């Protein structure tokens with residue numbers, strides 16, 4: 001069973017038959033390290049699910065890059081405004097390593113409602129879970145100290161600190177690279 005199928009089963013609780021129908025719409029695709037899944041300012045009708053590898057979602061403001069999220073196996077990557085509302089993308093989605101993704105375009109995605117009778121309810125629950133994750137991330141950034149955010153990420157995915165340039169992690173945590181360096185030294189001491 002692919003990571004995509006495990007995710008669909010866990011979050012949607014669909015039957016084996018519906019699982020098979022949904023997963024058949026996704027096509028396995030590769031990204032080489034350094035390639036973009038999406039670039040800011042372009043339109044995208046694709047939604048990807050990371051089967052393997054590491055992908056960075058970021059925005060460029062002036063000469064500064066701000067990392068929104070680092071996606072690893074088991075995460076979706078998409079610019080929602082572009083995918084759902086056909087607006088130009090606000091985010092760059094960039095492969096930090098060689099990646100395999102399951103990809104679906106919006107035309108195929110919208111067929112789910114025709115083949116899965118309860119899709120509208122499943123999609124609503126999925127979007128609600130996404131909002132809960134977003135709310136938790138906002139609360140974390142507003143209420144936790146830099147050290148607490150660092151420790152939370154370290155406990156959540158320690159391997160990121162060995163696989164991702166630290167300035168990307170610092171940006172995602174909302175801290176400077178120097179602060180991240182101090183926190184890492186403090187944790188080792």
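General remarks:
- Condition met for residue 33 (under 17 Å from the mean Cα position of the chain (by Cα), in contact (Cβ under 8 Å) with a residue 12 or more places away in the chain and surrounded by fewer than 13 Cβ atoms within 10 Å (Cβ to Cβ)): yes
- Residue 44 part of a loop (DSSP other than H, G, I, E, B) and without any contact (Cβ under 8 Å) to a residue 60 or more places away in the chain: yes
- Filtered residues of segment 1-15 (kept if touching a helix residue (DSSP H, G or I) at 6+ places or on another chain (Cβ under 9 Å) and outside any loop (DSSP other than H, G, I, E, B)): 4, 5, 8, 9, 11, 12
- Residue among 3, 57 that is surrounded by fewer than 19 Cβ atoms within 10 Å (Cβ to Cβ), within 17 Å of the chain's Cα centre (by Cα) and either at positive phi or touching a residue at least 24 places away in the same chain (Cβ under 8 Å) (or both): 3
- Every residue from segment 76-89 that is surrounded by fewer than 15 Cβ atoms within 10 Å (Cβ to Cβ) and either farther than 21 Å from residue 131 by Cβ or touching a strand residue (DSSP E or B) at 6+ places or on another chain (Cβ under 7 Å) (or both): 86, 88
- Listed here are the helices (runs of 4 or more DSSP H) enclosed by segment 84-189 that have at least 2 residues being closer than 30 Å to residue 18 by Cβ, under 20 Å from the mean Cα position of the chain (by Cα) and modelled with pLDDT of 90 or more: 106-109, 119-143.
- The conditions of being surrounded by 11 or more Cβ atoms within 10 Å (Cβ to Cβ) and touching a residue at least 24 places away in the same chain (Cβ under 8 Å) are not met by residue 123.
- Exactly one residue out of 27, 64, 32, 73 is under 27 Å from residue 175 (Cα atoms) and touching a strand residue (DSSP E or B) at 6+ places or on another chain (Cβ under 9 Å): that is 73.
- Among the criteria (1) surrounded by fewer than 20 Cβ atoms within 10 Å (Cβ to Cβ); (2) at pLDDT 90 or above; (3) farther than 27 Å from residue 166 by Cα, the one residue 26 does not fulfil is (1).
The values are calculated or read from the model by the stated rules, or taken from the named source; none is laboratory data. Since the structure is predicted, the reported quantities are computational estimates derived from the model, not experimental observations. For neighbour counting, all protein chains shown are included, and Cβ atoms are generated from backbone atoms with ideal geometry for every residue, glycine included.
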